[in-house]
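Down below is the structure, laid out as structure tokens.
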Amino acid sequence: MRLKNVLYVVGGGGAFLVFTVPLLWALFRSVQPNEVIVAAPDPSTFFQLTWNNFRTLIEGPGNLMRAVGNSVVVALSTAVLTAVLATLAGYGFARFRFRSGPLLFALVVVSMMIPFQAILTPLYLEMNVLRLTDSLLGLVLFYTTVNLPFGVFVMRNSFSSVPVELEDSAHVDGCGTLRMIGSVLRPLVTPGAATVALYAFLAAWTEFLGALTFLTKDELYTLPVALVNVQAGAYGEVNFGSLVAGSVIAMIPCVILYVGLQRFYVTGLATGAVKG
């Protein structure tokens, strides 16, 4: 038993180091001058720390903070909209019996296997006809559409794990469908909904190709697109200091959300994977 505990501690400590050391290294590099980052290691200058990289990003002409605001709006809107739609669709697939239900759910699962990059051209043409290019709303709808199949899959299995007798009792008491989802079933499927919201937020926050394709105005750029513009210096020189500082800014909300919703995320993934 003691050997098993030692193995658990060693394995957990190793996993902790694998995931945290790169984050700490990026944080340390972000407060070093660019000339120190690109130079050979020198003990006399290696611990020379400065906030100039972050100051350059915030005060510079790249409008990085506006890009951060755009990313926050897009990611939060995507997370909320995806969670709401996935909850309603998941409840329908789990509780309503109709002839084409299994086929439609199979199509939802199959659509998870198709990367949006493979259909990027028709997506752009469709959004252009609908006048949703160069629009944060269009980007939110695009991200919601891409993340919805995974959300429906998780929420359908989350509702399937709830006993039907609980809903029957609520129906006897005169509870309607929407009230039942919001009051009776919501505490039981919260882990699944939190998983869907977190997954959609992270996907929208870090996505680059779609934002680069559908946005052409500087004032609408999201953070990943803005960072590409920030990193380039004169004569093609890469400003690694600003790039690493921007990456640290980008990963802060991801780390905070994941740590805050970790218990829901793990439970929701387990429910969505095994139940159904």
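The values are calculated or read from the model by the stated rules, or taken from the named source; none is laboratory data. Since we're looking at a predicted model, the values are computed, not measured. Note that each Cβ is placed from the backbone with ideal geometry, even for glycine, and that neighbours are counted across all protein chains shown. Quick note on the areas: whole protein, heavy atoms, side chains included, nothing else; ligands and nucleic acids left out. Shrake-Rupley method; radii C 1.70, N 1.55, O 1.52, S 1.80 Å.
Brief remarks on what is shown
Yes/no matrix, rows are residues, columns are (1) in the same structural domain as E219 (by the TED database); (2) without any contact (Cβ under 8 Å) to a residue 24 or more places away in the chain; (3) in a helix (DSSP H, G or I); (4) touching a helix residue (DSSP H, G or I) at 6+ places or on another chain (Cβ under 7 Å):
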| position | (1), (2), (3), (4) |
| --- | --- |
| Q48 | no, yes, no, yes |
| V72 | yes, no, yes, no |
| A75 | yes, no, yes, yes |
| L85 | yes, no, yes, yes |
| L88 | yes, no, yes, no |
| F93 | yes, no, yes, yes |
| L104 | yes, yes, yes, no |
| L107 | yes, yes, yes, no |
| V110 | yes, yes, yes, no |
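- Pair list, Cβ under 6 Å, 6 or more apart: the stretch 144-155 residue closer than 13 Å to P115 by Cβ, other residue open to solvent by less than 10 Å² (accessible area, probe 1.4 Å): N147/T82; N147/A200
- Taken over the stretch 113-163, the residue count meeting the criterion of being open to solvent by 30 Å² or more (accessible area, probe 1.4 Å), of a type outside the set (G, A, S), outside any helix (DSSP H, G or I) and over 20 Å from F208 (Cβ atoms) is 4.
- Within the stretch 32-70, the set of residues being among the charged types (D, E, K, R) and either touching a Cys at 6+ places or on another chain (Cβ under 8 Å) or more than 20 Å from Y221 (Cβ to Cβ) (or both) comprises E35, D42, R55.
For (1) in a helix (DSSP H, G or I); (2) touching a helix residue (DSSP H, G or I) at 6+ places or on another chain (Cβ under 7 Å); (3) exposed (fewer than 10 other Cβ atoms within 10 Å of the Cβ); (4) in contact (Cβ under 8 Å) with a residue 60 or more places away in the chain, each residue gets a yes or a no:
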residue: L3; (1), (2), (3), (4): yes, no, yes, no
residue: Y8; (1), (2), (3), (4): yes, no, no, no
residue: G13; (1), (2), (3), (4): yes, no, no, no
residue: W25; (1), (2), (3), (4): yes, no, no, no
residue: F28; (1), (2), (3), (4): yes, no, no, no
residue: V36; (1), (2), (3), (4): yes, no, no, no
residue: P41; (1), (2), (3), (4): no, no, yes, no
